[in-house]
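Working notes for the structure below.
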Amino acid sequence: MVVLSQPALDQFSLIQTCPYSTSLFNNIPSIDLSSPNANALTVEACQGFGFFKVTNHGVPLEFMTNLESEAIKFFNLPRCEKDKALGYGNRRIGPNGDVGWVEYLLLSASPKLIHQKNPESFRNALNDYVSSVKRVASKVLKLIAQGLRVEPRNAFSHLLKHQKSDSLFRINHYPPCPEPLQQLISGQNVVGFGEHTDPQLISVLRSNNISGLEICLMSGGCCSSDSVGSGSGSGSGRDGIRGGDCTWVSVPPDDDSLFISVGDCLQVMTNGRFKSVRHRVSANNLNSRISMIYFGGPPLDTKIAPLPQLMEEGEESLYQEFTWEDYKKSAYNSKLGDNRLGFFQKSSGQ
């Protein structure tokens, strides 16, 4: 029996749990961006999973390892020093009560803001990596347009390249979860970052070689944000932990590849042909996990609606038109796991 003192219990007061799974899902689509059929494979992955990894992405290994090293140095600072940093957060995720076993830096992806706010070595590493990964996001969006036969080819990517693009960059640090806490919640995983979809157009993630990322597979193998509810119920599925219609599976780590997630806005712009993937992170009791995510967002005044070129004759929009600013405010006022697109879905006959 593990007995914790009150100070120790206070340390763990901001935690959430989810069912435990050891199953690795080895069927994540992998796309070589230099392949001549990368456009078709990218569209297929966006339709079937909303999540895939890319190789031959062009981001130098040096850029990835330099930023990871700088991030580790930052997160090893005393808490009082980290609290002074712009964009630093610990345990609390957003303003609506969501918590996780995580500390993080959340920054604008604007080069000007990166230049102004960080020590030189960190700043240089950020600029090198963010500039490179932004090019990857833009290339993937161009491949999507090409695969969907959308003209112009920059129909999606120009939103990231716009000088007012509202893109973010996040570095998450998931420290090892203490053994007393693991024993206290036997049979459950401590949530590092709770389940959610990304609200932007596209996300590009790279992490060190530590597992923890999990995605929600819907029936038929697809990942979907249309599933309303927590998705974290008990009961076992063949590939992982099943909750409602959702089966949670663990993504095998790969620190050489970049992982791509479809965001809510891209789901709307394709009128639901693509699905934004629900995902979460479970804490690890042995190793620290570092993840770096670029969230490619459009300018605030961009109107988000299905592209007319994709609409078949007689097809109606599944969503009410909104601006990115509208959606961003709605997401900020919701819980992490809420079905944010539900507020903008049209009812039948509307």
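The values are calculated or read from the model by the stated rules, or taken from the named source; none is laboratory data. Keep in mind that this is a model prediction, so the values were computed, not measured. When we count neighbours, we look across all protein chains shown, and the Cβ atoms used for this are built from the backbone with ideal geometry, even at glycine. To get the accessible areas, we keep the full protein, side chains included, count just its heavy atoms, and leave off ligands, DNA and RNA. Shrake-Rupley method; radii C 1.70, N 1.55, O 1.52, S 1.80 Å.
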*Additional length obtainable on full extension of the chain from residue 287 to residue 325, 0.36 nm per residue less Cα span*: 9.9 nm
*So which trypsin sites (Lys or Arg not before Pro) in segment 78-137 end up in coil per DSSP with only 12 or fewer other C-beta atoms within 10 Å?*
84
*Would you kindly derive the ³J(HN,Hα) couplings of segment 255-272 from the backbone phi angles with the Karplus curve 6.51 cos²θ - 1.76 cosθ + 1.60 (θ = phi - 60°), listing them in order in whole Hz, with x for Gly and Pro?*
7, 8, 9, 10, 9, 10, 10, 5, x, 4, 5, 5, 4, 5, 5, 9, 6, x
*Nearest 0.05, what FRET efficiency do residue 345 and residue 79 give at R0 = 35 Å with Cβ-Cβ as r?*
0.25
*Averaged per residue, what accessible area in Å² does segment 35-115 show with a 1.4 Å probe, protein chains only?*
48 Å²
*Under 17 Å from the Cα of residue 53 - aspartates and glutamates, other chains or at least 8 residues apart*: 32, 44, 198, 214, 254, 255, 256
*In a shell of Cβ-Cβ distance under 13 Å around residue 195, excluding residue 195 itself, what net charge do Lys and Arg (+1) and Asp and Glu (-1) give?*
0
*Between residue 153 and residue 69, with labels modelled 7 Å along Cα→Cβ, what's the label distance in nm to one decimal, could you check?*
3.7 nm
_Portion, in percent, of the accessible area of segment 51-103 that falls on carbon or sulfur, probe 1.4 Å_ = 50 percent
*Out of segment 291-341, which GluC sites (Glu not before Pro) are coil in DSSP terms and have no more than 16 other C-beta atoms within 10 Å?*
312, 313, 315, 316, 321
*Multiply the residue gap between residue 127 and residue 62 by 0.36 nm, knock off their C-alpha separation, and tell me the result in nm, one decimal place.*
22.1 nm
*Environment charge at residue 303 (Cβ cut-off 11 Å; Lys +1, Arg +1, Asp -1, Glu -1)*: -4
*From the square roots a ≥ b ≥ c of the eigenvalues of the alpha-carbon gyration tensor of segment 29-148, which class results: rounded (a/c under 1.5), prolate (a/b over b/c), or oblate?*
prolate
*With charges set only on the Cβ (+1 for Lys and Arg, -1 for Asp and Glu), what does the dipole of segment 243-305 come to about its Cα centre, in debye to the nearest 20?*
220 debye
*Where in segment 150-167 does the label zone of residue 44 land, with the point 7 angstrom along Cα→C-beta and an amide N cut-off under 19 Å?*
150
*Only Cα pairs under 8 Å and at least 6 apart count here; give the relative contact order of segment 45-144 as a rounded whole percent.*
28 percent
